[in-house]
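Enquirer: Sharing a structure below in structure tokens format, with a few things to ask.
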Amino acid sequence: MNQLTNLIAAIRMKSSGERLASARFFSDPKWSTKEEAIEAGWPANKITEISPDTSIDDLKPITLSTEGNIIILRDNGYILTAPSAKAIERINKKRSFDEPLQQPTGRMSGKSVVVTGAAQGFGQGIAESFFAEGANVVIADLNDQKGPQLADSLNNSDGANSALFVKCDVSKAQSVEQMVQTATFHFGGIDTFISNAGILRAGGLDEMDPEIFELMTKVNYSGFFHCAKAASAIMKIQTEVKPDYFADILQINSKSGLKGSNKNFAYAGAKFGGIGLTQSFALELMPARIKVNAICPGNFFEGPLWSDPQKGLFVQYLLAGKVPGAKTTEDVKRHYEAQVPAGRGCRVKDVVKAIFYAIEQEYETGQAIPVTGGQNMLS
């Protein structure tokens, strides 16, 4: 991350009390000094002027108000801080701090959350659940049709929080780094990063092309590394500035990361590797108060990964002969439902409850939490 990105994250943490503030960077150098900002209509008692090269340690003497501030970055633009993202939008439009500011509500209020692969499936459900609980949400996905539609639908709500779509390819480090920078510019930092994006192509050794294996490894395994590396860089700045603060990185793993999967080795291998990364990252990052955990859902039968009529796993497994004697996709579905003691597939609400637990506790890290209806049990 560059100096400006780090500075924005540090300023947000300095603006935060018990509840986390929002911050946003506006690239507008027309107010290059405090005096010019006052002439433009900003209240003098809310303005701080600093150099964009200011070190984080030099921010200590700056008094920042929880009601909101404007921080002028000489010749670069300005940062607004306020209790919520919607409040920042109103302040920037009116150049006024006089009206009552919108306050966030919900168990995740004030948090800024990135969800990769959030345009559909588990990712969409996770993003919607966090937004409903007051979080600012970054929808990071390659799907630039469904992603913006989801962000727009969330932003139509009356809440104080906001959603943002950022196109991102988790298999490419530069794309993830750019997404993290955009998220920080827009919301002031990242408190929770949920590495959910993944792909699945079933097949045994005889059917699996090396190119498909490598693609799945890039997305499902290397993608988590890219996400953890970029997210932890900005989180370390935040935990350094705010001593009582914890951040979270979570991988949406799979029950296939806990037990091998017949004719599905490319996916299972990447997910096993993801748990190894989770445990290793947890050891490295806990001293910086960054918790790293994996959530291991069972099969999400209602989601497109399984139920898509052309590319879903029910179709793939039927064609691959993975379920002996199955003649239809319904036969395949019944076969997998019968393997779950709870008698049904995993649902978004089940996964979200596990994620909230992992975030709200401060003592556990490096865990792989099964959400499988009893199909997989820890030993």
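Enquirer: P(r) for the stretch 1-99: what percent of alpha-carbon pairs falls in each 10 Å bin, starting at zero?
Expert: All Cα pairs, binned at 10 Å, distribute as 17, 55, 28, 1 percent.
Enquirer: Over all Cα pairs of the stretch 51-130, how is the pair count split among 5 Å bins, expressed in % and running from 0 up to the last occupied bin?
Expert: 3, 12, 17, 16, 16, 16, 11, 8, 2, 0
Enquirer: Continuing with the same structure: Quick check of the Kirkwood formula: for the stretch 167-301, what is the inverse mean of 1/r over all pairs of different Cα atoms, in Å?
Expert: Taking the inverse mean of 1/r over all distinct Cα pairs, the stretch 167-301 comes out at 15.5 Å.
Enquirer: I've got another one for you. Quick one: putting +1 on the C-beta of Lys and Arg, -1 on the C-beta of Asp and Glu, what dipole do you get for the stretch 65-124 around its Cα centre, in Debye to the nearest 20?
Expert: Dipole of the stretch 65-124, to the nearest 20 debye: 100 debye.
Enquirer: Enter the angle in degrees (range 0 to 90, nearest 10) between the Cα long axis of helix 223-241 and the first principal axis of the Cα atoms of the chain, meaning the one along which they spread out most.
Expert: Result, in degrees: 30.
Enquirer: Sum up the charges of everything whose Cβ sits under 11 Å from the Cβ of residue 292, counting Lys and Arg as +1 and Asp and Glu as -1, but leave residue 292 out.
Expert: For residues surrounding residue 292, the net value is -2.
Enquirer: Right, another one. Can you pull the percent of the stretch 1-100's accessible area that's carbon plus sulfur, 1.4 Å probe, other chains left in place?
Expert: Ligands and nucleic acids excluded, carbon and sulfur give 44 percent.
Enquirer: Next question. Using helices alone, I'd like the mean residue ellipticity at 222 nm for the chain: each DSSP H run of four-plus residues gives -39500 (n - 2.57), total over residue count, nearest 500.
Expert: So the calculated ellipticity at 222 nm is -12000 deg cm²/dmol.
Enquirer: Let me ask you something else. How big is the dipole moment of the chain about its Cα centre under a simple scheme where the beta carbon of each Lys and Arg is +1, that of each Asp and Glu is -1, and everything else is neutral? Debye, nearest 20, please.
Expert: 680
Enquirer: Restricting to the chain, what percent of DSSP beta bridges are antiparallel, rounded to 5?
Expert: Bridges in the chain are about 25 percent antiparallel.
Enquirer: GluC sites (Glu not before Pro) within the stretch 197-228: which are DSSP loop residues with at most 15 other Cβ atoms inside 10 Å?
Expert: Loop-located and lightly packed - 207.
Enquirer: If you don't mind, another one. How large is the dipole of the stretch 1-87 about the Cα centre if only Lys and Arg carry +1 and Asp and Glu carry -1, each at its Cβ, rounded to the nearest 20 debye?
Expert: The calculation lands at about 360 debye.
Enquirer: Need the full-extension length gain, residue 156 to residue 244, defined as separation in residues times 0.36 nm minus the C-alpha distance. One decimal, nm.
Expert: Contour length minus Cα-Cα distance gives 28.3 nm.
Enquirer: Determine the gain in length on full extension of the stretch residue 205-residue 92; use 0.36 nm per residue of separation and subtract their C-alpha separation, reporting nm with one decimal.
Expert: Stretched fully, the residue 205-residue 92 segment lengthens by 34.9 nm.
Enquirer: Any idea which of 180, 43, 324 is furthest toward the positive side of the dipole for the chain, if Lys and Arg beta-carbons carry +1 and Asp and Glu beta-carbons -1?
Expert: Of the listed residues, the answer is 324.
Enquirer: Given 5 Å bins starting at zero, what is the percent of C-alpha pairs of the stretch 10-52 in each, up to the one with the largest pair distance?
Expert: Distribution as computed: 5, 18, 25, 24, 18, 8, 2 percent.
Enquirer: Give me the Debye-computed log₁₀ of I(q)/I(0) at q = 0.16 Å⁻¹ for the stretch 137-245, equal point scatterers on Cα only, no solvent, two decimals.
Expert: -0.80
Enquirer: Ok, one more. I'd like the GluC sites (Glu not before Pro) in the stretch 18-61 restricted to DSSP loop residues with at most 15 other Cβ atoms within 10 Å, sorted by number.
Expert: Listed in order of number, the matching sites are 18.
Enquirer: Give me the one-decimal nm value for the distance between modelled label points at residue 262 and residue 174, 7 Å along each residue's Cα-to-Cβ direction.
Expert: A separation of 4.4 nm, rounded to one decimal place.
Enquirer: Just to confirm, what accessible area per residue do you get for the stretch 1-160 at 1.4 Å probe, in whole Å²?
Expert: In whole numbers, the stretch 1-160 has 43 Å² accessible per residue.
Enquirer: Hey, what angle do you get for helix 265-285 against the long axis of the chain, alpha-carbon based, 0 to 90 degrees rounded to 10?
Expert: 40
Enquirer: Roughly speaking, to the nearest percent, how much of the stretch 251-379's 1.4 Å accessible area is carbon and sulfur?
Expert: Whole-percent figure for carbon plus sulfur exposure: 55.
Enquirer: Could you tell me the calculated FRET efficiency between residue 18 and residue 339, based on Cβ-Cβ distance and R0 = 45 angstrom, to the nearest 0.05?
Expert: That gives a FRET efficiency of 0.50.
Enquirer: Which residue, chosen from 87, 137, 124, occupies the Cα position most advanced towards the positive end of the dipole of the stretch 55-146, where the dipole is computed from +1 (Lys, Arg) and -1 (Asp, Glu) charges on Cβ about the Cα centre?
Expert: Checking the options against the dipole of the stretch 55-146, the answer is 87.
Enquirer: If one takes the longest principal axis of the Cα atoms in the chain, at what angle in degrees, from 0 to 90 and to the nearest 10, does the Cα axis of helix 173-187 lie?
Expert: Rounded to the nearest ten degrees, it is 50.
Enquirer: Here's a follow-up. Please tell me the relative contact order of the chain in percent, rounded to the nearest whole number, where contacts are Cα pairs under 8 Å and at least six residues apart.
Expert: Across the chain, relative contact order equals 14 percent.
Enquirer: Packing-wise, with mean Cβ within 10 Å as the measure, how do 53-59, 344-350, 236-242 rank, highest first?
Expert: In decreasing order of mean packing, 53-59, 344-350, 236-242 become 236-242, 344-350, 53-59.
The values are calculated or read from the model by the stated rules, or taken from the named source; none is laboratory data. Here the structure is a predicted model, which is why all the values come from computation and not from measurement. Note that we place each Cβ from the backbone using ideal geometry, even for glycine, and neighbour counts take in every protein chain shown. The accessibility values were calculated without ligands, DNA or RNA, using every heavy atom of the protein model including side chains. Shrake-Rupley method; radii C 1.70, N 1.55, O 1.52, S 1.80 Å.
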